[in-house]
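Structure record follows, encoded as structure tokens.
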Amino acid sequence: MTAWEINLMNGDDEESVFDRLWAQLIGDKFGFLVPLWIARRPESLTILDYRPTMFMFATTTGFILFAVLFGFYFYRFGTAETIGLWATGIPALVWFVLTFRGTIREAYYFDKTKDSYALVRQFIYRRDVIEGSLSQFTGAYVKTETNYNSDSNGTSKSYFVVLQQEGMFLTGVTEQTLREETPIFNTYDREASIANAISGLLASKG
């Protein structure tokens with residue numbers, strides 16, 4: 001199933017102008033900095049998604065910035081410049097603590113030979129794992145959500161990869177979203193590449 005076909009399933013046959021410009025000017029040029037790796041094999045599929053959420057990106061950037069400033073003040077003035085050390089050290093510590101709330105990466109493993117899947121969400125200090133039988137899934141598609149910005153009266157779109165299942169999960173729903181918080185460089189093409197890879201593997205299960 002192509003990305004265009006998945007888009008039609010969602011009732012969304014085109015991306016917004018902003019999304020296209022973002023993908024062409026920013027995503028395509030700098031996407032390699034936060035890679036999305038898809039390893040296809042005849043009987044298995046591995047997806048490693050290192051794209052951070054905006055929260056994780058902001059907290060990490062804040063920590064690095066204030067840590068560098070703290071190092072500069074300490075190297076330049078030593079303990080004589082206490083105001084500068086406090087003004088940079090405390091924010092650096094706060095930003096560092098906040099980074100523990102964000103994810104480092106998400107990894108998805110699908111194996112037909114074992115009829116198994118594992119969805120792994122990796123944090124700095126722990127990881128969440130969802131495992132089960134691969135045969136319960138029937139497909140994957142990209143869900144599009146429109147976000148309305150009341151400040152600028154504009155809109156933007158977010159894209160999510162959704163797994164479909166026969167029957168219901170323990171939560172009483174028939175679908176499962178891989179990432180509930182959108183990462184940076186969230187474009188339709190990137191999410192469609194994930195959905196296409198999963199759909200391709202599921203289509204060859206028989």
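Taking amide H atoms as placed 1.01 Å from N in the peptide plane, the amide H of R105 lies under 5 Å from those of Q122, each 5 or more residues away in sequence or on another chain. When you count the other C-beta atoms within 10 angstrom of each residue and take the mean per peptide, 186-192, 50-56, 67-73 line up highest first as 186-192, 50-56, 67-73.
Every number in this text was worked out from the coordinates using simple rules, so none of it is lab data. Everything numeric in this text was worked out from a predicted model, so none of it was measured. Methodologically, a virtual Cβ is constructed for each residue, glycine included, from the backbone with ideal geometry; neighbour enumeration extends over all protein chains shown.
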